[in-house]
Amino acid sequence: MKKRREFSNFGFSTILLTFSMICIVTFSALAFVTANSDYKLSKRVADNNSSYYRACEKVWDEISQIDAILASAYDGSPDKAAYYEAIKTALSDNDTAINKNLAENESNGKVTGLTYTITCTVSDTQTLTVKLDINYPVHRQDAFYKIKQWKLNTDTAFEENDTLNLIGGN
């Protein structure tokens, strides 16, 4: 009689366990790399947003100074022409770190309004441009200006960073 050897079935279970562990490690590594990439992206977005809101704050500070200048020019001017002359003088003396430009809107040789452009740097590649139409209010409670444009300008072409370093890179 032949003696039967018992066969142990641990080969298939070992292969299955090894394959499962390789899958878990691979998916864990991919999840870590993706999470790290998402963190870096969200950090860049947060930094860009902070820079934008700092620039907006500077522009609003400038606009509040302009509002005070316009109110005092309105109170001290008897007519529209004197109002615009007082504004041109006051705004040319208004010295801040923000780039600005004052232009006259003319019709038939008469000044019908002023356009005041404020440009503030957001980052190396972005600037915030705000244009105000300065007008002569009919009543004291009317607006001295109207925001004509509030625009974020990008100075360079957008380069999408869609690389994903899987081994070793930063």
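The values are calculated or read from the model by the stated rules, or taken from the named source; none is laboratory data. Owing to the predicted nature of the structure, the values given are computational and were not obtained by experimental measurement. Ideal geometry is used to build each Cβ from the backbone, glycine not excepted, and the neighbour counts take in all protein chains shown.
A few remarks follow.
- Test: residue in region 48-65 that is acidic (Asp, Glu), surrounded by fewer than 16 Cβ atoms within 10 Å (Cβ to Cβ) and modelled with pLDDT of 85 or more: yes
- Residue match in region 99-116 (condition: loosely packed, with under 12 Cβ neighbours inside 10 Å, modelled with pLDDT of 85 or more and out of contact with any helix residue (DSSP H, G or I) (no Cβ under 9 Å at 6 or more places or on another chain)): no
- Single condition Tyr74 does not satisfy, out of (1) in contact with a Lys or Arg (Cβ under 8 Å, 6 or more places away or on another chain); (2) modelled with pLDDT of 95 or more: (2)
- So Asp133, is it within 30 Å of Pro78 (Cα to Cα) and assigned to a loop (DSSP other than H, G, I, E, B): no
- Pairs linking a residue in region 118-140 that is surrounded by fewer than 19 Cβ atoms within 10 Å (Cβ to Cβ) to a residue that is of a type in the set (D, E, K, R) and in a strand (DSSP E or B), with Cβ atoms under 8 Å and 6 or more positions apart or on different chains, are Thr119/Lys100; Thr129/Lys151; Lys131/Lys148; Asp133/Lys146; Asp133/Lys148.
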